[in-house]
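Peer 1: This is the structure I want to talk about, given as structure tokens.
The values are calculated or read from the model by the stated rules, or taken from the named source; none is laboratory data. Computed from a predicted structure; not experimentally measured. Note that we place each Cβ from the backbone using ideal geometry, even for glycine, and neighbour counts take in every protein chain shown. Just so you know, the surface numbers come from the protein's heavy atoms only, side chains and all, with ligands and any DNA or RNA stripped out. Shrake-Rupley method; radii C 1.70, N 1.55, O 1.52, S 1.80 Å.
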Amino acid sequence: MCGNNMSVPLLSEAVTVPGTEKETAVVIFLHGLGDTGHGWADAMTSIRLPYIKYICPHAPRIPVTLNMKMNMPSWFDLIGLSPESPEDEAGIKKAAENIKAIIDHEVKNGIPSSRIILGGFSQGGALSLYTALTSQQQLAAVVGLSCWLPLHKTFPQAASGSGNKGTPILQCHGEMDPMIPVQFGAMTAEKLKTIVSPQNVTFRTYPGLMHSSWAVCKFLTLLKRKYTIICWQIFKKHAKLTYLFI
């Protein structure tokens, strides 16, 4: 039986790219600060596989301390962007619960959690990492683009009940990123290796790439041609993830 999207707040307005045949897998992708799910839905459409449903929710509009308290789409408040900056612990945990609700909804609708990929860009990638590491649902994989691990000082204890200690995690980061320097991405990858099986953490960097969702989307749309950042493919008959690097 299909659940009611209205019972999951983020799903009611999320951009959903349906499969073109029977849906047996789901990708949930979270946008960055100040963005919406629309642009990423377009990128997912350009690389979609027929049996995968893509869900790109919108973050709520909240005041963001980092941007002079202006109201904008944000998964949680941001005070700073350095590893030692204060963090919005309550907001991060609330946002993670909202994403877990989407995962639970898809599972109730017949998609095993092992057939669900959770990913995101920048703040959305950060939320994806935190959500996966604190979720009891075992996911197919986690993808973080140009991001960091929120509340990193609470790990590995915060992941004690996680179902994703053996789940593949892929991080991709631009080497010219001025917002979230690539060194922060590398520090995150090393931290992740203390939380999950180290062999399941992959960290890729890309020369010349800055902190831009447009640039990442451009790389994604050129996937089948010359350039790429990442492609994920879930086998139809096996709950297994394959990464393709071209």
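Peer 1: Going by amide H atoms built from the backbone, whose H comes under 5 Å of the H on His173, apart from near neighbours?
Peer 2: For His173, the qualifying residues are Ser146, Arg204, Thr205, Tyr206.
Peer 1: May I ask which of Lys94/Lys165; Lys69/Lys153; Lys69/Lys108 have a Cα-Cα span longer than 32 Å here? Mind showing how you got there, number by number?
Peer 2: Numbers: Lys94/Lys165 22 Å; Lys69/Lys153 25 Å; Lys69/Lys108 38 Å.
Going by Cα-Cα distance, Lys69/Lys108 fall outside the 32 Å limit.
Peer 1: Suppose R0 equals 22 Å. What FRET efficiency, 1/(1 + (r/R0)^6) with r the Cβ-Cβ distance, do Met176 and Glu84 give to the nearest 0.05? Intermediate values should be presented prior to the final figure.
Peer 2: Working: r = 23 Å, r/R0 = 1.05.
Plugging the Cβ-Cβ distance into 1/(1 + (r/R0)^6) gives 0.45.
Peer 1: How many nm is it between the label spots at Ser197 and Lys69, if each spot is 7 Å from the Cα in line with the beta carbon?
Peer 2: 4.9 nm
Peer 1: Keeping the other protein chains in place, figure out the carbon and sulfur percent of the accessible area of region 108-157, with a 1.4 Å probe. Don't skip to the end; give the middle numbers.
Peer 2: Details: 680 of 1370 Å².
Result for region 108-157: 50 percent of the exposed heavy-atom area is carbon or sulfur.
Peer 1: With a 1.4 Å probe and every protein chain left in place, work out the accessible area per residue of region 152-203 in Å², rounded to a whole number. All intermediate terms of the calculation are to be shown ahead of the outcome.
Peer 2: Numbers: 2380 Å² over 52 residues.
Per residue, region 152-203 has an accessible area of 46 Å².
Peer 1: Tally Lys/Arg at +1 and Asp/Glu at -1 over every other residue whose Cβ is under 14 Å from the Cβ of Met187; what's the total? Working shown, then result.
Peer 2: On the way: positive: Lys153, Lys191, Lys193; negative: Glu84, Asp177, Glu190.
Net charge around Met187: 0.
Peer 1: How much accessible area per residue does region 78-141 have, counting only protein heavy atoms and a probe of 1.4 Å, in square angstrom? Don't skip to the end; give the middle numbers.
Peer 2: Values: 2210 Å² over 64 residues.
Accessible area per residue, region 78-141: 35 Å².
Peer 1: Just add up the charged neighbours of Asp88: K/R +1, D/E -1, any other residue whose Cβ is under 11 Å from the Cβ of Asp88.
Peer 2: On the way: positive: Lys93, Lys94; negative: Asp77, Glu87, Glu89.
With Lys, Arg at +1 and Asp, Glu at -1, the neighbours total -1.
Peer 1: What is the gain in length, in nm to one decimal, between Glu21 and Thr154 on full extension, counting 0.36 nm per residue of separation less the C-alpha to C-alpha distance? Don't skip to the answer; put the middle values down first.
Peer 2: Numbers: separation 133, 0.36 × 133 = 47.88 nm, distance 4.18 nm.
Length gained between Glu21 and Thr154: 43.7 nm.
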